[in-house]
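Remarks on the structure that follows.
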Amino acid sequence: MAKLISCGLYDYFEIVCMRNSEVVVSLKNKQQFSGTAKALIHENGTEFLSLMQSDQTLVNINLTDVTILSACNNAIEHHNFSVSLI
C-alpha cells in the first residue's frame, strides 16, 4: 500500500496549485526546491507536486518527502503561508 499524506495537508498542495503560487518546498533529505506550483500528479499510488522552477525545469516532488511547504512572494498577502508536514 502506498504511503499518502493526510487530507488536511493535501488541501494545502491543492490550494497552491489552484493559485499557481510561488512556493518553497523543503524535503526530508534537506533539499529545497522553489518555483511555481503547477499540478498534483498521481502515478502508481504515489502523489507528486509538479513544480516549475525559474529555469523552466519541471520537477515532480513526492508529497511524502516534503517537510515544509511555504507559499511566498504571492501578490495577495493572505495567499502566503507556511505549513509543516512533520
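Just so it is clear, none of the values below were taken in a lab; they were calculated from the coordinates. Just so we're clear, the structure is a prediction, and the values are computed from it rather than from any experiment.
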Review point. What percent does the relative contact order of the stretch 40-86 come to when contacts are Cα pairs within less than 8 Å and at least six residues apart?
Key: 24 percent
Practice item. Give the angle, between 0 and 90 degrees and rounded to the nearest 10, that separates the Cα long axis of helix 7-18 from the longest principal axis of the Cα atoms of the chain. Key: 40 degrees
Practice item. Enumerate the calculated ³J(HN,Hα) couplings along the stretch 71-86 in order (Karplus 6.51 cos²θ - 1.76 cosθ + 1.60, θ = phi - 60°), each rounded to whole Hz, writing x wherever the residue is Gly or Pro. Key: 9, 8, 6, 8, 4, 8, 3, 6, 8, 9, 7, 9, 9, 8, 9, 10
**Study point:** Contact order relative to length of the chain, as percent, for alpha carbon pairs under 8 angstrom and 6 or more apart
**Key:** 27 percent
Review point. Given (1) 16, 25, 26, 22, 10, 2; (2) 18, 57, 23, 2; (3) 17, 54, 27, 2, which label gives P(r) over Cα pairs in 10 Å bins from 0, in percent as computed from the coordinates?
Key: (2)
